Amino acid sequence: MVRFSMNHQSASLLRFLTFLLLWDYSASQRTVQIQQGRLYRAKGYPVTIACNVSGHATNAEQDFEFSIFSPDNPQQQINIISTKNTNFAYAKYGGRVRQKDIFIERRSRDSVLLHIRKLVDGDSGEYECHTPNTDSKYFGTYNDKMNLTVIEDTLDATLGKETLNKFEGDPLQLKCEVSKQTLQHTHISVTWYLNKTEDLRLPIISLMKDFVLNPGSEYRVRYEAGHIRLDKIGETTYRLSISQLQQSDQGQIYCEAGEWIQDPDRSWYQTTSKTTAATTVNVQSVGKDFNTQIVTNQGPLKEGDTLEIRCTVEAQNIPDRYFSVVWLRNNEEMASFGPTGVPDIGDNYRARESNRQVKVIKKSNSDYLFIVYHVSKEDSGSYQCRVTEMEKGSGENFIGKTPKSTLEVMLDIRPLLSNLSVVVSSNTVDITEGDSLHFDCKVTGSQGHLSVTWRLSQSHDIITLNQIGVLEPGNSYRERIRSGDIRVNRVSRELFTLDITNSLASDQGTYMCVVTEWTVEANDKWKQEENKFHELAVTVTLLGSLLTAELKSRTINVRDNDSVILQCKVKGPKVPLSITWTFMSKGSQTENIVVIHYDGKITWGKKTGNFKLILLTLENTKVTLI
């Protein structure tokens, strides 16, 4: 159900109308001003556009004409509506004008409002407001323009429609799922309401568009006491919590979501709203009656999953009363809890209990839990809870009253089918030390959330991108990740990449892309579903093994004062190099003559007087020393 009031106007429109009322009409130059754009409004909802004229010489009531220039044909003017000419509208808008879906509201002799009750896709475009001249001559501007974009209504709000029977003092929790797919930046507001009668709707608590909580007047005291809460859980869930129900809480509870966008004047405007179905809450006064419910994580379940069957007893003064709880499958007893809290496992499940595949838990005085781990196809069937209130007799004996059974819940355990597939590819698998590596990890067949771990040689985790998008560096790679030499990216839902620059000799080995599929359980905890990997071997050739240096001279025997030319020829990959010339006379230590650093700097040693350096840039690196 969608609710929207034509009387509701944004703060931007109110400010604009105030500006119109304060306009100085004594100006002599005609000026037309339309509401500031660009405005974004949702399809199926209304829009109101204000227009004002000032500076005209007469006191005559001014006429207004509205036209549109469509994005598909921005040169063609299409007439919409006029205060002067009833036949002004083109055929595209004529029917809507006659049906009053489009109309002009006059605010004064100089200002009007254009109303469109229900926007359609074709209403996007540039709107022009024009005022025909009423003076003896033309002077000023007679039109003004603004842009309006009609966007899709993507807001969705859902709440399960059910009937809950509660007692005074019981807690209540309801979850409203609200989502949107709007491309523009928008805010969400959520309000929980209680309908006591058709004519009485009470706001319980609201999360406003500015993220402020605002309790309804009837609930303010209980909110301040901490008995009323509204919590946002995850991206889309808004949970209402009432810790102690009162009989005044009886009625239909639902939530209403609104989507808000900020207009150019910085004010917020509600573009859409959605109202959920209602959950009927019956609140009984304190009494001796009780109710029971069964809740299961009924699906879809597949082989290997965990089955949880929760039996809930709803009654007053539970701590002072005794109940026996029995779980049934196809009318056969699986397990039970006696009135004193002692569990008992049925004959057909004792073997599985000894293997720790079955467990019964009393979570509280109201909640009893039966858990089956690693279910199989044979666990399909009809499940039911039966609760009996027990009255304490003489000694340790208990006398049972009339039992109550829940409705049957049918469960169908599906066979395990895995469609997850992982393939790793790379730009090259044979590189030289210092080169870059790029890996693509392509994932198909996934249904849930994905986490990806890049691993080298099975034992060294390089980096993990977990299922919520958080990076977790491996211990041995933190510095290289921090410096940017190692980067990961999620290019799309199914493509993950790993880039390594400035590769090291230790980067040689088998690279693995390990993909894990996750789902979220009913308790908002992550559950691992599938795990697949693919690997690729990479060879890194050491840079030193590719370098050779050759020292040559045309003259070996020389006399005093003769010149000698020594030439060093280096072969290898085109990478920055450092070259050092050294000299060692008989019986002395080696001395550096000159060092040519990798960045081009030259450092001379102590023996520099008789030496000259010549750098030759040929096919191979040559350095000549004279």
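The values are calculated or read from the model by the stated rules, or taken from the named source; none is laboratory data. Because the structure is a prediction, the values reported are computed rather than measured. Here the Cβ positions follow ideal geometry from the backbone for every residue, glycine too, while neighbour counts run over all protein chains shown.
Of note:
- Of residues in the stretch 188-220 being charged (D, E, K, R) and touching a strand residue (DSSP E or B) at 6+ places or on another chain (Cβ under 8 Å), the one surrounded by the fewest Cβ atoms within 10 Å (Cβ to Cβ): ASP210
- Flag for LEU245 being assigned to a loop (DSSP other than H, G, I, E, B), of a type in the set (A, V, I, L, M, F, W, C) and surrounded by 20 or more Cβ atoms within 10 Å (Cβ to Cβ): yes
- Every residue from the stretch 328-349 that is surrounded by 15 or more Cβ atoms within 10 Å (Cβ to Cβ) and either acidic (Asp, Glu) or in contact with a Cys (Cβ under 6 Å, 6 or more places away or on another chain) (or both): GLU333
- Scanning the stretch 552-568 turns up no residue that is closer than 23 Å to ASP435 by Cα, surrounded by 11 or more Cβ atoms within 10 Å (Cβ to Cβ) and not β-branched (Val, Ile, Thr).
- If the condition is being part of a loop (DSSP other than H, G, I, E, B) and surrounded by 16 or more Cβ atoms within 10 Å (Cβ to Cβ), then the stretch 460-489 contributes ASN466, GLN467, GLY474, ASP485.
- Those residues of the stretch 356-388 which are buried (at least 16 other Cβ atoms within 10 Å of the Cβ) and acidic (Asp, Glu), in sequence order: ASP379
- Residues being closer than 22 Å to ARG109 by Cα and either touching a Cys at 6+ places or on another chain (Cβ under 7 Å) or surrounded by 21 or more Cβ atoms within 10 Å (Cβ to Cβ) (or both) - total across the stretch 34-46: 2
- Taken as a whole, the structure leaves GLU353 outside the set of residues that are surrounded by fewer than 17 Cβ atoms within 10 Å (Cβ to Cβ), touching a residue at least 24 places away in the same chain (Cβ under 8 Å) and under 42 Å from the mean Cα position of the chain (by Cα).
- Residue match in the stretch 122-134 (condition: touching a Lys or Arg at 6+ places or on another chain (Cβ under 8 Å), of a type in the set (Asp, Glu), assigned by TED's automatic domain parsing to the domain that holds PHE103 and modelled with pLDDT under 90): no
- Any pair with Cβ under 9 angstrom, 6 or more apart, that starts in the stretch 218-233 at a residue that is on the phi > 0 side of the Ramachandran plot and ends at one that is part of a loop (DSSP other than H, G, I, E, B) and surrounded by 11 or more Cβ atoms within 10 Å (Cβ to Cβ): GLY226/SER243
- Checking LYS92 against (1) in contact with a helix residue (DSSP H, G or I) (Cβ under 8 Å, 6 or more places away or on another chain); (2) closer than 30 Å to VAL178 by Cα; (3) among the charged types (D, E, K, R), the condition it does not meet: (2)
- Residues in the stretch 60-93 that are among the β-branched types (Val, Ile, Thr) and touching a Ser or Thr at 6+ places or on another chain (Cβ under 7 Å): ILE78, ILE80.
- Members of the stretch 146-174 that are part of a strand (DSSP E or B), crowded, with 16+ Cβ neighbours inside 10 Å and not polar (S, T, N, Q): MET146, LEU148, VAL150, ILE151, ALA157, LEU164, LYS166, PHE167, LEU172, LEU174
- Within the stretch 379-399, being farther than 16 Å from THR340 by Cα and of a type outside the set (A, V, I, L, M, F, W, C) holds for ASP379, SER380, GLY381, SER382, TYR383, GLN384, ARG386.
- Qualifying residue in the stretch 100-117 (condition: without any contact (Cβ under 8 Å) to a residue 24 or more places away in the chain, aromatic (Phe, Trp, Tyr) and part of a loop (DSSP other than H, G, I, E, B)): no
- For the stretch 412-436, the set of residues classified as in contact with a helix residue (DSSP H, G or I) (Cβ under 7 Å, 6 or more places away or on another chain) and of a type outside the set (Gly, Ala, Ser) consists of ILE413, PRO415, THR432, GLU433, listed by residue number.
- The criterion of at least 2 residues that are modelled with pLDDT of 85 or more is met, among strands (runs of 3 or more DSSP E) falling completely within the stretch 345-456, by 358-362, 367-372, 381-392, 409-411, 421-426, 430-432, 437-444, 449-456.
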